[in-house]
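> My questions all concern the structure below.
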Amino acid sequence: MVTTGGAAHSPGLTELLAGHRPQGPTETADHERVRHLTGAADAWDRGTPLHFTASALIVHPPTRRVLLRWHVRQQAWLQVGGHGDPGETRPLDIALREGLEETGLTDLTPWPDAALVHLAVVPVPASPAEPAHEHADLRFLLATGTPERARPENPAAPLEWLTIAEARQRTTEENLRETLDRAGRLLDAPA
């Protein structure tokens with residue numbers, strides 16, 4: 001399990017979703033749709049048609065920049081994240097692990113706190129290994145103080161630091177634009 005920069009508690013699915021207040025009709029519908037999954041034994045099972053994933057938009061608050069990663073399968077610039085490993089059930093811990101694996105950044109910490117920033121149900125196209133399905137993606141913000149240390153996990157997955165406006169233009173995913181807008185509002189908030 002990844003430690004969370006001094007955070008003593010990383011909530012599970014039920015607690016996380018109970019404390020999250022959806023914004024707008026799309027997220028409200030997604031929230032209602034996935035609440036029943038929180039108690040399911042297969043909530044994280046990638047073999048089910050709808051399952052949870054956890055991701056994070058990595059931010060560098062001093063420069064107001066965010067880190068995007070090229071995802072070959074999706075053919076899009078997206079945030080870091082993915083599936084829970086066997087036995088993992090705490091969304092923030094999964095996002096932290098994925099962030100470390102995909103960027104090499106060892107100082108990632110929840111920012112401005114450990115709250116869920118966005119819930120988005122996103123379609124995933126079929127591949128030779130699995131049928132089309134959906135991810136109930138639980139999104140966090142993670143900050144780094146060492147943006148220059150970001151390294152892609154492999155050459156096919158480059159990383160790029162961008163302003164919020166540049167990231168909005170780079171991505172083709174409207175749901176990520178919503179996450180970026182939320183991050184932008186937090187980055188603009190007075191300290």
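> Which count do you get for residues in region 21-64 that are outside any strand (DSSP E or B) and either within 25 Å of Leu187 (Cα to Cα) or of a type outside the set (Val, Ile, Thr) (or both)? It would help to see each step written out before you state the result.
Start the filter on region 21-64 by keeping residues that are outside any strand (DSSP E or B), which leaves 21-49, 61-64.
So of that shortlist, the ones also either within 25 Å of Leu187 (Cα to Cα) or of a type outside the set (Val, Ile, Thr) (or both) come out as 21-33, 35-37, 39-47, 49, 61-64.
The qualifying residues number 30.
> Let me ask something additional. Quick one: count up the residues across region 91-128 that are polar (S, T, N, Q), open to solvent by less than 60 Å² (accessible area, probe 1.4 Å) and over 17 Å from His51 (Cα atoms). It would help to see each step written out before you state the result.
Going through region 91-128, the residues polar (S, T, N, Q) turn out to be 103, 106, 109, 127.
The next check asks that each one be open to solvent by less than 60 Å² (accessible area, probe 1.4 Å); those that pass are 103, 109, 127.
When the remaining residues are screened for being over 17 Å from His51 (Cα atoms), the result is 103, 109.
So the answer is 2.
> Given the criteria at pLDDT 95 or above and either under 17 Å from the mean Cα position of the chain (by Cα) or closer than 23 Å to Ala156 by Cα (or both), does Ser10 qualify? I'd like the intermediate steps shown before the answer.
On the way: at pLDDT 95 or above: no; either under 17 Å from the mean Cα position of the chain (by Cα) or closer than 23 Å to Ala156 by Cα (or both): yes.
Judged against the criteria, Ser10 is not a match.
> On the given criteria, is Glu102 of a type in the set (Asp, Glu) and in a helix (DSSP H, G or I)? Walk me through it before giving the result.
Values: of a type in the set (Asp, Glu): yes; in a helix (DSSP H, G or I): yes.
Spelling it out, Glu102 is indeed of a type in the set (Asp, Glu) and in a helix (DSSP H, G or I).
> Another one. Would you point out the residue of region 129-138, among those that are of a type in the set (Asp, Glu) and over 23 Å from Leu159 (Cβ atoms), that is surrounded by the fewest Cβ atoms within 10 Å (Cβ to Cβ)? Steps first, please.
From region 129-138, those of a type in the set (Asp, Glu) are 130, 134, 137; that's our starting set.
Add one more test, that the residue is over 23 Å from Leu159 (Cβ atoms), and what stays is 130, 134.
Details: Glu130: 11, Glu134: 17.
Among those residues, the one meeting the criterion is Glu130.
> Right, another one. Counting only residues that are touching a helix residue (DSSP H, G or I) at 6+ places or on another chain (Cβ under 8 Å) and in a loop (DSSP other than H, G, I, E, B), which one in region 147-164 is surrounded by the fewest Cβ atoms within 10 Å (Cβ to Cβ)? Give the steps one after another, and end with the answer.
Of all residues in region 147-164, those touching a helix residue (DSSP H, G or I) at 6+ places or on another chain (Cβ under 8 Å) come to 150-153, 157, 159-162, 164.
Applying the additional criterion that residues be in a loop (DSSP other than H, G, I, E, B) yields 150-153, 157.
Values: Ala150: 20, Arg151: 10, Pro152: 15, Glu153: 15, Ala157: 14.
Only one residue tops the list, namely Arg151.
A quick yes/no check of all residues on (1) assigned to a loop (DSSP other than H, G, I, E, B); (2) at pLDDT below 95; (3) under 20 Å from Gly24 (Cβ atoms); (4) of a type in the set (Gly, Ala, Ser):
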| residue | (1), (2), (3), (4) |
| --- | --- |
| Asp113 | yes, no, no, no |
| Leu119 | no, no, yes, no |
| Gly145 | yes, no, no, yes |
| Glu166 | no, no, no, no |
| Thr179 | no, no, yes, no |
| Pro190 | yes, yes, no, no |
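> Can I ask one more? Considering only region 105-156, state which residues are in contact with a Gly (Cβ under 8 Å, 6 or more places away or on another chain) and closer than 28 Å to Pro22 by Cα.
Those that are in contact with a Gly (Cβ under 8 Å, 6 or more places away or on another chain) and closer than 28 Å to Pro22 by Cα: Leu108, Thr109, Pro110, Ala115, Leu116, Asp137, Arg139, Leu142.
> Output the residues belonging to region 70-90 that are of a type in the set (A, V, I, L, M, F, W, C) and either closer than 12 Å to Thr53 by Cβ or open to solvent by 50 Å² or more (accessible area, probe 1.4 Å) (or both).
The initial filter retains those residues of region 70-90 that are of a type in the set (A, V, I, L, M, F, W, C), namely 70, 72, 76-78, 80.
The answer is Trp70, Val72, Leu78, Val80.
> Shifting gears a bit: Do the conditions hold for Val124, that is, is it modelled with pLDDT under 95 and under 16 Å from the mean Cα position of the chain (by Cα)? Even if it seems obvious, please write down each step before you answer.
Numbers: modelled with pLDDT under 95: yes; under 16 Å from the mean Cα position of the chain (by Cα): yes.
So Val124 passes the test.
The values are calculated or read from the model by the stated rules, or taken from the named source; none is laboratory data. The structure presented is a predicted model; accordingly, all values stated were derived computationally and were not measured. Neighbour counts are summed over all protein chains in view; Cβ atoms, including those assigned to glycine, are modelled from backbone coordinates with ideal geometry. The accessibility values were calculated without ligands, DNA or RNA, using every heavy atom of the protein model including side chains. Shrake-Rupley method; radii C 1.70, N 1.55, O 1.52, S 1.80 Å.
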